[in-house]
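All remarks here apply to the structure that follows.
The values are calculated or read from the model by the stated rules, or taken from the named source; none is laboratory data. What you see is a predicted model; the values in this text were computed from it and never measured. Ideal geometry is used to build each Cβ from the backbone, glycine not excepted, and the neighbour counts take in all protein chains shown.
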Amino acid sequence: MLQISNLTTHYGPSQALFGVDLQIGTGEVATLLGRNGMGKTTTINSVMGIVPASGGSITFDGVELVGQASFKTANLGLGLVPEGRQIFPNLTLEENLIATASNHLKLANPWTIDKVMEMFPSLEGRRYFMGNLLSGGEQQMLAIGRALMTNPKLLILDEATEGLAPLVRQKIWDALALIRQTGTSILVVDKNLKDLLRLADKNFIIERGKVVWSGTSDELRADREALHRYLGV
């Protein structure tokens, strides 16, 4: 579904990515791991067209994304849950969901507000609260729901549970497991390795702008050297 080949990205004269290679198949869950500042968010932003790639190729269902406008990339079926949530603070929770609702791929059973509320029951009582009055956990649930309302084929989450209480983190992991059951592919960045490895089919570790390790969750659990060298476990 998603194929990244020899991806390079610059911020002005400074190069951030040095030939990233990554592949995600239909229905798969993949992680992008690494210490802070190694290029995880830049990779995601390059895929989404938020930061223009300098070279290489990013294809999604056979369509080249390099050079595409962000809205065109999103319309192809990629949904982003950005780092820091970035919900609309002056809209209600329900208005945040309505604002992104679309079904460009004309799915027969699309995501709706009711389905989002069913997945995150604690949001129901907050439906008419302004975004800036929601807790951090509620905002993260809303950010996931907002991305789902675009009815993506690939859901990308940057720092999925950062700064959240353990109970809220578990709700997020449970939700991602349910989303996976719908056949939606997922690419997730997070630091909670134990939870990630339970969910993921494959994992990619990025170091200084280049993928330096890839493999299954069982392979990563067994590779103590890689865990220590690249993730500091």
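Numbers at a glance
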item: Residue that is modelled with the lowest pLDDT, among those in the range 62-87 that are surrounded by 13 or more Cβ atoms within 10 Å (Cβ to Cβ) and over 23 Å from Leu97 (Cβ atoms); result: Gln68
item: In the range 88-113, the residues that are in a helix (DSSP H, G or I) and either modelled with pLDDT under 95 or of a type in the set (Gly, Ala, Ser) (or both); result: Ala99, Thr100
item: Hits in the range 24-47 (condition: in contact (Cβ under 8 Å) with a residue 40 or more places away in the chain and surrounded by fewer than 20 Cβ atoms within 10 Å (Cβ to Cβ)); result: Gly25, Thr26, Gly27, Glu28, Arg35, Thr41
item: Qualifying position, being under 28 Å from Ser46 (Cβ atoms) and charged (D, E, K, R), among Asp174, Asp218, Asp195; result: Asp195
item: In the range 172-192, residue farthest from Pro121 (Cα to Cα) [restricted to those that are surrounded by fewer than 20 Cβ atoms within 10 Å (Cβ to Cβ) and charged (D, E, K, R)]; result: Lys191
item: Count - residues of the range 13-57 that are of a type in the set (A, V, I, L, M) and not in a strand (DSSP E or B); result: 6
